[in-house]
Structures are given as C-alpha cells and as structure tokens.
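Structure, as structure tokens:
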Amino acid sequence: MSVFPAEIEVLLGRHSAIIGSGVIGRADETRGQVPVAFVRLAPKLGKSVSAEDLRAWCKDAMATFKFLEIRNVNALPMTATGKVKKGGLEKLLWAC
C-alpha cells in the first residue's frame with residue numbers, strides 16, 4: 001500500500017502539540033519502507049506529549065497500514081522558502 005508523506009504531514013498538523021513535521025521513508029526488510037515522522041512540538045504543549053502518545057493518536061486517526069515511527073526534534077531542517085528539507089531529514093534519520 002502506498003503512503004504519501006504529505007498526507008501524513010497534514011494529519012500531524014491537526015495535532016495541537018505539533019508545530020511542524022516532515023515525513024520520509026526508511027527502508028524496511030518486511031514492508032519495503034516505513035514512514036518516519038520528525039515532529040517539532042510546541043514548547044508548552046509538547047512537554048506533556050510523548051512519541052508513544054502521538055503514535056497512539058495517529059493509530060486512531062489513520063489506517064493501520066500507515067503505521068509510522070515518530071521522532072521528536074528540536075528543529076526541522078528548512079529551506080529559505082520555509083519548506084522542510086527532505087535531504088536534511090535523511091541526515092537526521094541516521095543521526096537519531
């Protein structure tokens with residue numbers, strides 16, 4: 001099944017504690033690829049929300065085959081025009 005990063009990013013944008021996100025695929029032997037979401041949490045709201053809480057929220061809000069990893073980051077790599085740099089996320093993927 002296809003999972004589009006933009007679709008997941010829109011969904012994550014609906015969570016009150018998330019102020020920014022970027023999604024890329026990570027190679028997986030069983031599934032081919034697994035979406036990995038890098039999320040930036042609102043300073044006050046994010047303190048009470050864990051990656052597990054976000055994963056549970058996503059599970060309720062999206063199809064089960066769209067299961068994803070969630071990694072909290074302090075900042076997202078951005079372009080000069082304000083878009084998330086997918087190449088920068090790939091670097092974060094291996095750094096985390």
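Table: residues versus (1) of a type in the set (D, E); (2) over 24 Å from W94 (Cα atoms).
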residue	(1), (2)
E29	yes, no
K44	no, yes
A61	no, yes
K66	no, no
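Of everything in segment 61-90 that's among the aliphatic types (A, V, I, L, M) and exposed (fewer than 11 other Cβ atoms within 10 Å of the Cβ), which residue is modelled with the lowest pLDDT?
Ranking the candidates gives A63 first.
Tally the residues that are in contact with a strand residue (DSSP E or B) (Cβ under 8 Å, 6 or more places away or on another chain) and either among the hydroxyl-bearing types (S, T, Y) or at pLDDT below 85 (or both), restricting the search to segment 48-60.
Step one: filter segment 48-60 for residues in contact with a strand residue (DSSP E or B) (Cβ under 8 Å, 6 or more places away or on another chain), giving 49, 51, 54-55, 58.
Imposing the further condition that a residue be either among the hydroxyl-bearing types (S, T, Y) or at pLDDT below 85 (or both) reduces the set to 51.
The total comes to 1.
Could you list all residues from segment 35-47 that are at pLDDT 90 or above and either in contact with a Phe, Trp or Tyr (Cβ under 9 Å, 6 or more places away or on another chain) or among the basic types (K, R) (or both)?
Passing the criteria: P35, R40.
Looking only at residues in segment 31-60 that are surrounded by fewer than 12 Cβ atoms within 10 Å (Cβ to Cβ) and acidic (D, E), which one is nearest to A6 (Cα to Cα)?
Only one residue tops the list, namely D60.
The values are calculated or read from the model by the stated rules, or taken from the named source; none is laboratory data. Because the structure is a prediction, the values reported are computed rather than measured. FYI the Cβ positions are ideal-geometry reconstructions off the backbone, even for glycines, and counts take in every protein chain you see.
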